[in-house]
Structures are given as structure tokens and as C-alpha cells.
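Let me begin by presenting the structure, written as C-alpha cells, before commenting on it.
We did not get these values from a lab; they are worked out from the coordinates using the rules stated. Bear in mind the structure is a predicted one, so any value in this text is a computation, not a measurement. So basically every Cβ, Gly included, is an ideal-geometry build from the backbone, and we count neighbours across all protein chains shown.
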């Protein structure tokens, strides 16, 4: 369905328009949208690295279920955003406030826990707009650094983060179904 819609937009000759992009902070009414975007985008970006597809499904069932997302949207230490293109939700992000790690000492830190854009919209550079919105908000909240983890074989993501001034500072394992996947830890200074 979504691919047909994107195809219709391209077939009609509609060009990418910056005025069709909207980013806003999510609220409790957005739980279904975020849960669905999370499931689809995690599958698009990570399923090729996880051999057992049941493990991907189990991870999505536990991480992107509506009940869990609703609870997270009520948590004052979390901020979610949704990005829209032509009024369609095409991606989301999640930041954990006041969250440091072993590589960050004596700094006011936050974690960019998730930033996902549907594959059909990646070429539109919507991730840049979503990321720019996040950085602006974290600076307003006076955080010193923002950090994240990304799989060592996810070269598109690595390139994206390095192009946005993130530096590799270490490694951690991200576990799916008791299997550890080596991830880079990236940090970006905000001031």
C-alpha cells in the first residue's frame, strides 16, 4: 500500500517539496503510529543482520507493541518525534534524557535511542530534518552531549552519524534473542 502511494506520487510528477515536511513531538495519541513505524523500520534496517526471522518478530513484539509505546510516551524522561511527508507519518525518533554511559563522564548526556525513516523515503533526506529538530531541542534543554549506538555493519547509519559530527568512542553489544551484536558507540558534543 505505502509503496503504491509513493509510486503514485512519483508517477504524477510531484517533486520533493520541503514545505511538505513536518516534524512534531509525539503524544499519547501517536502510540499506534510509532509502534507500526517501529516494527516496519526495524525490519527494514536490521532484519538482514539477524539470521532467525522469528527473533526479529519477537524483538518487534516486545519493543514496538502499542501498550509499551503508550507507557513510554507518558515517561517524562523520554521524548518522541514523528516526521511527516505530505501528511503521512514516515519516521520517528526517541531520545532518553539524562542518560550517560561508561564512555561519557561528568557530562549532562542524552541518548538518541531510535531514529528511523521508512526506506521509501530515505532518498528525501528526511532523517536530516528529524535529526536537526532533535539537536535543536537537546541544545535548548542544555545537554552537553548526545550519544547513540549503531550496528557495526550498518554502514548507511554510520555514514549518517559521522556526517552529523558524531565520533566513535567505543563498542557495546546489542542483544537480540540472547545473541550479542557488536555496536559502535557514537557521541556528539552539543556546545
Once you sort the root eigenvalues of the Cα gyration tensor of segment 44-101 as a ≥ b ≥ c, which label holds: rounded (a/c under 1.5), prolate (a/b larger than b/c) or oblate (the other case)?
oblate
In segment 60-150, how does Rg compare with the Kirkwood Rh, expressed as the Rg/Rh ratio over alpha carbon atoms?
0.98
Segment 18-189, Kirkwood Rh and Cα Rg, ratio Rg/Rh at 0.93
Please report 72, 162 as a ranked list, fewest other C-beta atoms within 10 angstrom at the top and most at the bottom.
162, 72
Given R₀ = 30 Å, what would the calculated FRET efficiency be for residue 164 paired with residue 87, taking r from the Cβ atoms and rounding to 0.05?
0.70
Residues 147, 81 arranged by fewest to most Cβ contacts within 10 Å:
81, 147
Quick one: of the DSSP bridges fully inside the chain, what percent are antiparallel, nearest 5?
90
